[in-house]
Amino acid sequence: EHQLSKLHRDDFPENFVFGVATSAYQVEGAVFTDGRSMSIWDSFSHIPGNIYDHSTGDVACDHYHLYKDDIQLMVDLGIDAYRLSISWSRILPDNTGVVNKVGVAFYNTVINELIHKGIEPYVTLYHWDMPQYLENDPQVKGWRTREIITHFMYFAETCFKLFGDRVKNWITINELWSLAVNGYGTGQNAPGRCSAICGTWKKSYIGDSATEPYVVAHNALLSHAAVVKIYRDQFQSEQQGRIGLVLNSKWYEPYTEEKQNISAAQRCLESELAWFLDPLFLGDYPLSMKISVGSRLPAFTEDESNLVIRSADFIGINYYTALYAQDSEEELDPSLKWYSTDRKASCSSIGPDGELIGEAMGPPDIGWINDCPWGLRRMLAWMQMRYGKEEFQACPIIISENGCSDPELNISVKKAKRDEWRVRYIHGALQNLLHAIRNDGCNVQGYFLWSLLDNFEWADGLVTRFGIYYVHHERNLKREPKLSAIWYQNFLRRTLFYSPSRNLKNFFSRH
Ligand code: PNW
């Protein structure tokens with residue numbers, strides 16, 4: 001029996017928080033219900049060609065109506081915390097600044113229900129769903145001008161006033177990298193802006209992938225910091241909560257041990273993770289980015305730098321996978337330069353001997369995730385090395401997302417429910433996390449699985465499933481636990497050793 005799993009919940013520090021994560025547009029649906037107005041994802045998902053399976057978030061998991069059942073699933077799992085996001089345009093549906101009471105009531109009900117059931121809400125203010133009226137406003141242009149700062153401050157302040165008596169963990173923005181690069185570099189995410197060279201798959205393109213990702217990232221970072229300042233100045237002493245942000249990065253492994261590939265991997269980490277962590281801990285962008293991006297990279301004024309530095313009480317890290325990085329220092333035609341070429345590295349999941357990094361999660365054309373749990377440990381060690389252990393005593397880390405999709409599109413329900421691959425993936429991540437905490441001394445305080453439900457996976461639509469609960473999108477939206485949900489439940493409830501299901505027993509006897 002003891003061979004079942006070496007991993008035990010009690011191996012983690014006593015107050016370590018385990019949870020699951022979702023985001024508003026990906027699960028709520030009810031997009032035209034109760035006074036919500038459009039976000040950039042509503043308009044983007046309705047443009048033919050943008051979403052792989054032509055689905056939208058119109059219904060998603062209908063969590064707006066089924067939230068009670070979903071919270072019951074969380075209770076069944078035995079999680080400590082739930083990471084959700086608030087739909088900006090549900091709270092503030094137009095630019096008059098008047099709050100939509102019915103939208104507010106929805107989040108009040110969810111938050112109250114969570115607390116009533118003993119689950120701590122971790123609330124993200126911005127998970128990619130910019131109100132369309134702010135994107136359209138010629139003075140604001142979404143994240144593309146500094147005008148957005150005051151709008152985001154108003155939204156955040158509204159949320160602190162409305163929910164801050166009960167919400168003690170705030171996240172300003174989810175994944176500055178994805179926001180900037182996928183929204184304005186590749187154009188695969190809303191608002192889908194990109195240059196011609198990057199958006200060859202699109203019918204039409206508008207935007208500038210050489211500059212916009214950097215401008216948008218800068219404005220979003222300043223918006224984050226301005227919101228943290230409001231919270232700290234006006235709410236924190238009374239509400240006694242904390243506020244941080246969520247970043248994501250892949251781990252980059254040098255393609256070979258040659259010096260130039262080690263530097264290439266370093267440049268990749270700097271332009272994905274340190275792009276934001278350097279301003280937060282050191283007050284400026286990484287030198288390698290200043291050199292390669294040049295005048296396209298906004299410069300921090302002294303005031304901006306002072307505003308951003310130490311503007312997080314905690315850092316959330318979303319970790320999914322790793323890539324090999326190889327040097328490619330060729331001089332490029334300026335018209336070909338954009339975010340992805342600025343790092344002067346070519347990245348791939350295939351190594352020098354044709355081997356895959358980590359374990360494949362299905363056929364090579366499905367998804368972007370390989371199972372490389374050791375990348376998580378290395379990334380945490382890299383952060384600790386770059387900024388120093390002390391920084392993370394003052395500013396702890398949480399793993400705000402980790403998870404994987406099923407290895408087939410249009411997978412059968414039967415197969416999806418036997419997701420041994422996901423159990424293996426989660427198990428590996430948790431093992432490495434434990435090493436990071438116990439052996440490397442990293443101050444990591446929480447782990448959130450992405451995701452509770454199969455949901456609207458952005459440009460991949462509904463056929464890419466990240467849930468530990470299967471959702472029957474085609475039929476009645478019924479939720480059914482996958483093996484991974486049962487595994488997580490057993491892990492969290494400490495019952496793994498005593499009453500593993502037959503499937504789990506089979507699983508562990510084979511691994
Ligand atoms: C996250 N990367 O995005 C998002 O926060 C979720 O909303 C999303 O559903 C989830 O991952 C699964 O895709 C990421 O390239 C996008 O490393 C890209 C990366 C990581 C996370």
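The values are calculated or read from the model by the stated rules, or taken from the named source; none is laboratory data. Quick caveat, the model's predicted, so the values are computed rather than measured. Note that we place each Cβ from the backbone using ideal geometry, even for glycine, and neighbour counts take in every protein chain shown. With ligands, DNA and RNA removed, areas are computed over all heavy atoms of the protein, side chains included. Shrake-Rupley method; radii C 1.70, N 1.55, O 1.52, S 1.80 Å.
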I need the phi-derived Karplus couplings for segment 460-470: 6.51 cos²θ - 1.76 cosθ + 1.60, θ = phi - 60°, integer Hz, Gly and Pro marked x. 7, x, 8, 7, 9, 10, 9, x, 8, 10, 6
Carbon + sulfur, % of accessible area of the chain - ligands and nucleic acids excluded, 1.4 Å: 51 percent
What stretch of the chain, leaving out the sites themselves, is the longest with no chymotrypsin sites (Phe, Trp or Tyr not before Pro) in a DSSP loop having at most 14 other Cβ atoms within 10 Å? 33-200
Separation of segment 184-248 and segment 406-436 by C-alpha centroid, Å? 30 Å
Are there GluC sites (Glu not before Pro) in segment 1-102 that DSSP puts in a loop and that have at most 13 other Cβ atoms within 10 Å, and which ones? Glu1, Glu14
Lys478 versus Asp165, label points 7 Å from Cα toward the beta carbon: distance in nm? 4.1 nm
Taking a ≥ b ≥ c as the square roots of the eigenvalues of the Cα gyration tensor of segment 446-498, is the shape rounded (a/c under 1.5), prolate (a/b larger than b/c) or oblate? oblate
Residues whose placed amide H lies under 5 Å from that of Asn169, excluding near-sequence neighbours: Val123, Arg242
Three-way shape label, segment 1-78, alpha-carbon gyration tensor, a/c 1.5: prolate
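Select from segment 58-130 those trypsin sites (Lys or Arg not before Pro) which occupy a DSSP coil region and have at most 14 other Cβ atoms within 10 Å, ordered by residue number.
Lys117
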Please give the contour-minus-distance gain from Asn439 to Leu492: 0.36 nm per residue of separation, less the Cα-Cα distance, rounded to one decimal in nm. 16.8 nm
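In deg cm²/dmol, rounded to 500, what helix-only [θ] at 222 nm does the chain give when every DSSP H run of at least 4 residues adds -39500 (n - 2.57) and the total is split over its residues?
Value at 222 nm, helices only, nearest 500: -11000 deg cm²/dmol.
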Any lysines whose Cα falls less than 21 Å from that of Lys117, other than same-chain ones fewer than 8 residues away, would be Lys68, Lys168
Please list the non-local residues whose amide H lies under 5 Å from the amide H of Phe12, H modeled 1.01 Å from N, same-chain partners needing a gap of 5 or more. none
Under 4.7 Å Cβ to Cβ, no partner at all: give me those cysteines from the chain, in residue order. Cys61, Cys159, Cys268, Cys347, Cys372, Cys395, Cys404, Cys442
If each part is reduced to its alpha-carbon centroid, segment 48-63 and segment 344-400 end up apart, in Å, by 29 Å
Can you give me the long-range amide H partners of Tyr470? Hydrogens built in the peptide plane at 1.01 Å from N, cutoff under 5 Å, separation of 5 or more residues or another chain. Glu480, Lys482
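Name the trypsin sites (Lys or Arg not before Pro) in segment 156-223 that are in a loop by DSSP and that have at most 11 other C-beta atoms within 10 Å, would you?
Details: sites: Lys161, Arg166, Lys168, Arg193, Lys202, Lys203; in loops: Arg166, Lys168, Arg193, Lys202, Lys203.
Of the trypsin sites (Lys or Arg not before Pro), the ones in loops of segment 156-223 whose Cβ has at most 11 other Cβ atoms within 10 Å are Lys203.
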Measure up Lys229/Lys290; Lys417/Lys505; Lys6/Lys505; Lys202/Lys344 against 20 Å on the Cα-Cα distance and list the ones that go over. Lys229/Lys290; Lys202/Lys344
Residue by residue through segment 62-78, the couplings from Karplus 6.51 cos²θ - 1.76 cosθ + 1.60 with θ = phi - 60°, in Hz, x for Gly and Pro, are 6, 4, 4, 9, 9, 3, 5, 4, 5, 5, 5, 4, 5, 4, 4, 5, x
Note down the nm distance, to one decimal, between modelled labels 7 Å out along Cα→Cβ at Asp94 and at Lys389. 5.7 nm
Yeah, the chain with a ≥ b ≥ c from its alpha-carbon gyration tensor (a/c under 1.5 is rounded, else prolate when a/b outruns b/c, oblate otherwise) is rounded
What does DSSP give for the chain in terms of the percent of beta bridges that are antiparallel, rounded to the nearest 5? 20 percent
Cα to Cα, under 14 Å, and not fewer than 8 places away if on the same chain: which aspartates and glutamates meet these conditions relative to Lys414? Asp406, Glu480
Simple spin-label estimate for Ser346/Lys229, 7 Å along Cα→Cβ, in nm, reads 4.5 nm
